[in-house]
Amino acid sequence: MRTIAATRLLPTVALLTLGLSASIFAQDAPDAPPTIGELQAAIDAVQTNANIVWTVVCAALVLFMQAGFAMVEAGFTRAKNAGNIMMKNVMDCSLGGLAYWAVGFGLMFGASNGLTGGSLFFFAPDNGAADGQWGYTFWMFQVVFAATAATIVSGAMAERTKFVGYLAYSFFISLLIYPIFGHWAWGNLLIGENGDSGAWLANMGFIDFAGSTVVHSVGGWAALAGAMVIGPRIGKFSKDGKTHPIPGPQLDTGGAGRVHPLCRMVRIQPGLHHDWRRLDRTHRDEHVPGGICRRSRDHDGVVVQVQQA
């Protein structure tokens, strides 16, 4: 009897097994293929995120140049002033960064009033949106330039300025001097319409790709002005005008520090190149990664605008 009962249950067990197997291995109905619009949106999102990461990495590498300046100055000045030199390079970046965030960035990239920017003070975009995330990224990339312009002054006036006086000098450069000139040359990078008013150098076709004028020339002229006011180091010149060498205690440190500014070209150009390459290739309106607006002239001298659609 047991054998007959087991035999009758075999078909039922077999059917249950087949049904369970089918439910496990069955595939859902294939989803509809993505549309062109969905694919383009996904591509744009990936491109934006890649731009943000890459730009932040480049900004961090440029910021590391502060260490190079500190090494150069500490290596070629007397050992007793090494602590002062290091603190100045730290504080001009920190204090100057706050000044640039609060006022300088708005003067440089805010909506132009004809001379400077007049908005974006105490810069605080919405970090929850893609535009806000790129805004913070753009600010980060620009503040390292402001720090570079300020720290150039440190070496020109090393060993003969009071710490507080130097901080005030750096704060003023990051707050007003560098942003105002930067607005004239780069003021249309974030708001393209500024090229019609305050960014008059950019409107004339002036292009400073990596800051040789906006950053280094401004910092250099400020350094020259400071050096002319405070004069040379005590003991550098005798009364009859002869020079007396004041050798640095760590020439190896100073030499190693020179490598950092030399590498700056490699660090900064990748962060800028993707936008300018597209502008130089097309000279027409098109999408620009990150939404930075650029203004330039085509081969016929006509001003063209490249901006995010």
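The residues of region 144-180 that are of a type in the set (G, A, S) and crowded, with 22+ Cβ neighbours inside 10 Å, listed by number, are A146, A147, A149, A150, S154, S170, S174. Taking each residue of region 199-215 that is closer than 21 Å to L176 by Cα and looking for partners that are at pLDDT 85 or above and of a type in the set (V, I, T) with beta-carbon atoms closer than 6 Å, six or more apart or interchain, yields D208/V214; V215/T148. Given the options G231, G195, G235, name the one that is buried (at least 16 other Cβ atoms within 10 Å of the Cβ) and small (G, A, S). Testing whether each residue is buried (at least 16 other Cβ atoms within 10 Å of the Cβ) and small (G, A, S) leaves just G195. Taking region 192-219 as the range and being closer than 15 Å to G118 by Cβ and modelled with pLDDT under 85 as the test, the residues that pass are E193, N194, D196, S197, G198. The condition of being over 28 Å from G155 (Cβ atoms) and of a type in the set (G, A, S) holds for only one of G104, G118, that being G118.
The values are calculated or read from the model by the stated rules, or taken from the named source; none is laboratory data. Keep in mind that this is a model prediction, so the values were computed, not measured. Cβ coordinates were reconstructed from backbone atoms using ideal geometry, including for glycine residues, and neighbour counts include every protein chain displayed.
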